[in-house]
Amino acid sequence: MINAPCVLVDRQTFGTNLHFFLFDRLIKNKGLQTGTVYVRSYRTFSNIQYVNVKMSRGDGWYDSVSGGNPIAGMYDEPFGGTIDAWNDVYATSGTPEDFNAKLNASFHAYGESNKTMPSTVPAAFWKSNQPFDQTHDVMTYYLIHFGVNPTASVSLIRFNVGLQREVQHIKLSIYSNVETLSGDYEFVPN
């Protein structure tokens, strides 16, 4: 359990991936059936990075062409442009289709099959919120979808962040339609 905004991470204990689990035990949110989590993972590497922006989307999301069926997830798909080009995409609001056309990628989607709960709201979340070194930094964006657990039992929402040997610093920003899951965290590997 993370109980501090900055955590020292021992590489011998955690290996090459940090496995995060958000606790989904949300009795007070009765009526909310679908949960969404957006994660912005900013990592600084000691070596040169040739892809500065990556996109990952878990299962359970919908798009306008899937006929009401969930679309497949995606993992670490590279964005072909710079972080500045990525930020320019989010200069105005829009639908998942609008942003996917600008990104030239099928990343954004809807939380429900009836085209509600677009991952593009709020659009400002998707912008990089700090200085960016295009030689050493990587920003990975995650879309996570889950069914809200309305019981007293605990269920887990999982996502992974790479902790390669060259990672020197990690900042995570988490935004969710379930407010208790939102927050900002820093991890310093040793």
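Computed quantities for the displayed model
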item	result
Scan of the range 119-160 for residues that are among the small types (Gly, Ala, Ser) and farther than 19 Å from Ser182 by Cβ, ordered by number	Ala152, Ser153
Tally of residues being part of a strand (DSSP E or B) and over 15 Å from the mean Cα position of the chain (by Cα) across the range 166-185	3
Test: residue in the range 84-97 that is in a helix (DSSP H, G or I), surrounded by fewer than 16 Cβ atoms within 10 Å (Cβ to Cβ) and of a type in the set (Gly, Ala, Ser)	yes
Leading residue by the ranking (farthest from the chain's Cα centre (by Cα)) among those in the range 131-158 that are surrounded by fewer than 19 Cβ atoms within 10 Å (Cβ to Cβ) and not in a loop (DSSP other than H, G, I, E, B)	Ser155
Selection count where residues are modelled with pLDDT of 85 or more, under 27 Å from Ala109 (Cα atoms) and among the acidic types (Asp, Glu), scope the range 139-190	1
Any chance Tyr185 is under 26 Å from Phe45 (Cβ atoms), in contact with a helix residue (DSSP H, G or I) (Cβ under 7 Å, 6 or more places away or on another chain) and either surrounded by fewer than 18 Cβ atoms within 10 Å (Cβ to Cβ) or not β-branched (Val, Ile, Thr) (or both)	no
Enumeration of residues in the range 91-102 that are at pLDDT below 95 and under 18 Å from the mean Cα position of the chain (by Cα)	none
Candidates Ala101, Ala123 - the one that is of a type in the set (Gly, Ala, Ser) and in contact (Cβ under 8 Å) with a residue 24 or more places away in the chain	Ala123
Filter result for the condition that a residue is at pLDDT below 90 and either exposed (fewer than 11 other Cβ atoms within 10 Å of the Cβ) or of a type outside the set (Phe, Trp, Tyr) (or both), over Val37, Val65	Val65
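The values are calculated or read from the model by the stated rules, or taken from the named source; none is laboratory data. Since this is a predicted model, take the numbers as computed values, not measurements. In this analysis, Cβ positions are derived from the backbone assuming ideal geometry, glycine residues included, and neighbour counts consider all displayed protein chains.
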